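The values are calculated or read from the model by the stated rules, or taken from the named source; none is laboratory data. The shown structure was predicted, so the numbers you read here are calculated from the model rather than taken from an experiment. Cβ placement follows ideal geometry from the backbone for every residue including glycine, while neighbour counts extend to all protein chains displayed. Note: accessible area is taken over every heavy atom of the protein model, side chains too, but ligands, DNA and RNA are not part of it. Shrake-Rupley method; radii C 1.70, N 1.55, O 1.52, S 1.80 Å.
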Amino acid sequence: MRRGNVVPFLFAASLLMVYLIVCWPFDGPAVLAANIESSNPLSGDPDAIAAGKTTYNAHCALCHGMRANGRGHGPGNTADLTKFKKGYSWYMKRVKEGRVDKGMPGWGGILKEEEITWIGAYLETLATKRAKWVDPPKN
């Protein structure tokens, strides 16, 4: 390959990789969710996961990133949601109330509770091994 053709080739290859990562249909979330313990009533539900992905992309991805890793266009302290460890109830409270001091709006008046639950079901599919979606025991 001639030197002048390398840049266009790399650009085309990069676009193909992005397409495959973002758009390629796969059953990953449904399969992964089966192994996650959660207090979310819709955990592992393929329809909820699909709806959660769509809702997440529309409302959350700009700040938290397309992979929920905190690498979006939000403030520098945007949470990496793949490492979430505080349980489903805390997640629901935080999303509804927001964290204005850190730049996160409250979504409780914007999204329905079911939509927030869908997002949680989707986020569980992206979670790292140490993530925890089970509510801590109440003392």
Count of the range 94-126 residues which are part of a loop (DSSP other than H, G, I, E, B) and modelled with pLDDT under 90: 1
When restricted to Arg67, Arg71, the only residue in contact (Cβ under 8 Å) with a residue 24 or more places away in the chain, of a type in the set (Lys, Arg), part of a loop (DSSP other than H, G, I, E, B) and surrounded by fewer than 19 Cβ atoms within 10 Å (Cβ to Cβ) is Arg67
Can you pull out the residues in the range 74-92 that are free of Cβ contacts under 8 Å to residues at least 40 places away in the same chain and either within 21 Å of Thr117 (Cβ to Cβ) or not hydroxyl-bearing (Ser, Thr, Tyr) (or both)? Gly74, Pro75, Gly76, Asn77, Ala79, Asp80, Met92
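Mind listing whichever residues of the range 117-139 are open to solvent by 40 Å² or more (accessible area, probe 1.4 Å) and out of contact with any Gly (no Cβ under 7 Å at 6 or more places or on another chain)? Spell out how you get there, then give the answer.
So in the range 117-139, the residues open to solvent by 40 Å² or more (accessible area, probe 1.4 Å) come out as 118, 126, 128-130, 132, 134-139.
Selection gives Leu126, Thr128, Lys129, Arg130, Pro137, Lys138, Asn139.
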Here's a check for you: in the range 24-52, which residue that is within 15 Å of Ile119 (Cβ to Cβ) and at pLDDT below 50 is least open to solvent (accessible area, probe 1.4 Å)? Ala33
Residue, nearest to Ser39 (Cα to Cα), within the range 74-93, restricted to residues that are aromatic (Phe, Trp, Tyr) and assigned to a helix (DSSP H, G or I): Tyr88
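Here is a check on your reading of the model: is Glu114 closer than 19 Å to Thr54 by Cα, surrounded by fewer than 15 Cβ atoms within 10 Å (Cβ to Cβ) and among the acidic types (Asp, Glu)? Before you say what the answer is, go through the steps one by one.
On the way: closer than 19 Å to Thr54 by Cα: yes; surrounded by fewer than 15 Cβ atoms within 10 Å (Cβ to Cβ): yes; among the acidic types (Asp, Glu): yes.
So Glu114 fits the description; yes.
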